[in-house]
Every structure is written in structure tokens, then in C-alpha cells.
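In what follows, a structure is listed as C-alpha cells, so that the remarks can point back to it.
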């Protein structure tokens, strides 16, 4: 499809082909975000999956659906959105890479590990925006956030096919091993810790939550990241705890994206509990006297979390280094979830 790709800021009212996100712009939407207008016959749990179903249509039908669209757009930078955009722009080539496109998009949006290749490509896509590590760093440092994301998007769309088509030990993907290699090593360590026989697992089917209790003495630096937790948890919510030498616990609760995106009811998890009410209840119980406290993102994010510690934490960050030991335990957190539902 011979259309430009751009990040949409809402300033244009021209019809566009929206992939992922929710722009509200006229035209065709191929998105799994809440409130989307994706044609029913193209719906999929991932925006990349929707784009692939679009790519499978006869060319005449694709042109009819996208008639009048002046650009392919998204309103944010992420892996699923860029895989979807590349698919729409290169439908014939995307068909032969469908399985890898879906795997990479799932690593990005569902924070899972379909395989190490998918995980590493997702990490690489995110690293392209980093003004300290990106191959575009000299240019990125001179730009504001929106311009950085547009430049990074253009770079990813130019190179994504070669990354999808190469293995981790082959160029051009191996050329960027400095960007994804450390994350892969940490992922392997995180998975190993979750698979340790000393790590206890408890399932709560009614709220689609899994609790991992890590070996005693596991420090904040060793707490597993989001991808490992959701991959091994297989649930939409993960609560992880680690008892410290002083008897207090490190605690982190993460809510996954499956309860945010517009999924088929058969695939969708139970409705989210009110994370802010849970945090408020825990603050009452904690009676903290230091600068540490129960922190939460609320339910406004695609994948919010709750933790005890400081607020020095980025949204959607893989590892939360702001954790501090709490005098409460995982059982109390689960009771606060029940309390918030009353």
C-alpha cells in the first residue's frame, strides 16, 4: 500500500488508516484498542493480527476498505503498532512472515515470551527510541518526544523485515546484540527463578491472578520482570512476593493488558478490580512512617501495577527497582482485593 506512515496527533481531519491505538480519525480502523471501529470480519486479539487479516484480503477489497485514506497512522509508539503498520504497508511480504509478526507483537503487547527471537525483536524496537543507546542516538538527542518517536518509527519500518527474517546469531539482528542481549540474559535468569522448586505458586481463578512467592531473601535486584511473570503466570494478573531477612516482604502486583484491550468475550479475563481502592486499603493497613508507601497506577494504563516503595518508577517498566520491604504480606494484598470488590 503506497501510503506514508505518521504518528497522529489529532490535528488533521483527513481520512486515515489507523493501526493500533485510538485516534478517533475518520477512515479505516485496524485496532484492538477499546472503542475501535475495526470491521467485524477482521477482528483479532492483536492489532498485528487484524492487519494480517486485512493483508490476506484480495487487493481490490483492501483498496475499497481503505478508500480515501491519506496515510497509515498510530497515536503512539509500540511494537504491535509498528508490526501492524508494516503489515498494512507490505501486505504481500507480510504473509510469509505472519507467524513471526504475531509472535513479536504478542511479546510487546501481552508481555509474553512466544520465543526468544520475538522477545529480542520487541526489546530492540523499544531500544530504538533510547537517546543513549539507539543507533539513532545522535539525532534523537536533538528532538522532542514526538519527533523522536516518528524518527524511530521510520527506522523500524525500514529494518523490521530484516530483523524478522534473521536469527539471533545472524546479521542484521546480531548487529544489535548490544541492545537486546542483556535483556535476554536477564529474562533467562528471571525464568529460572520462577522455575526454581523453592518458588511457590498459587492460582486464583475467580480474579485470573497467580501469586508467586519467591525464595526467602530474594532481593529487589533479582525480582523477575514483567515478561517472565506473565509468561510463567499465564494469567492477566500477577502478584509476586519475596520474604526478606527481617521478615518483611517485597510486593509487586501487575495487571496485564488482556483486561484492557477489546478481546472476544471467550478470551477476555474477568473485569479488573479497582486498583486505587486496593492501594487505599493497603495504605490504611501499612501505617508507613518512612518515604515508602503503597503506590499504584490506577486503571488508566493498559498494564498498571501496584507496589510498596517509592514512586521512582516508569510506566510499564520491566523491572521495578523502587520496591521496598513492606510489613504486610501477599495474603493481606489478596484480602485488600476482596475488600475493594465489596
Most packed first (mean Cβ within 10 Å per residue), the peptides 58-65, 201-208, 290-297 order as 290-297, 201-208, 58-65
Among (1) 0.97; (2) 1.05; (3) 0.99, the entry matching Rg/Rh (Cα atoms, Kirkwood Rh) as calculated here is (3)
Rounded to the nearest 10, the angle in degrees between the Cα long axis of helix 79-89 and the longest principal axis of the Cα atoms of the chain comes to 10
In degrees rounded to 10, the 0-90 angle between helix 116-127 Cα long axis and the longest Cα principal axis of the chain is 80
By the mean-Cβ-within-10 Å protection proxy, highest first, 100-108, 169-177 rank as 100-108, 169-177
The extension gain from residue 64 to residue 2, computed as 0.36 nm times the residue separation minus the Cα-Cα distance, is 20.9 nm
Region 277-324 -> Rg/Rh from Cα coords, Kirkwood Rh, value 0.96
Nearest 10, in degrees from 0 to 90: the angle of helix 98-109 to the longest Cα principal axis of the chain is 40
Output ordering of 12-18, 267-273 (per-residue mean of other Cβ within 10 Å, highest first) is 12-18, 267-273
Everything considered on the Cα gyration tensor (a ≥ b ≥ c; rounded for a/c under 1.5, else prolate if a/b is larger than b/c, else oblate), region 5-167 must be described as oblate
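How much length would be gained if the chain were fully extended between residue 130 and residue 221, taking 0.36 nm per residue of separation minus their Cα-Cα distance, in nm to one decimal?
30.6 nm
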Taking 0.36 nm per residue of separation between residue 170 and residue 286 and subtracting their Cα-Cα distance, the length gained on full extension comes to 36.6 nm
Under the helix-only model (-39500 (n - 2.57) for each DSSP H run of 4 or more, divided by the residues of the chain), the mean residue ellipticity at 222 nm, to 500 deg cm²/dmol, is -12000 deg cm²/dmol
Largest-first semi-axes in Å of the equivalent ellipsoid built from the Cα gyration tensor of region 183-341 are 22, 20, 15
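All of the numbers you see were taken from the coordinates with simple rules; none came from a lab. Given the structure is predicted, the values throughout are model-derived calculations rather than measurements. Heads up, the Cβs are rebuilt from the backbone with ideal geometry, glycines too, and the neighbour counts pull from every protein chain shown.
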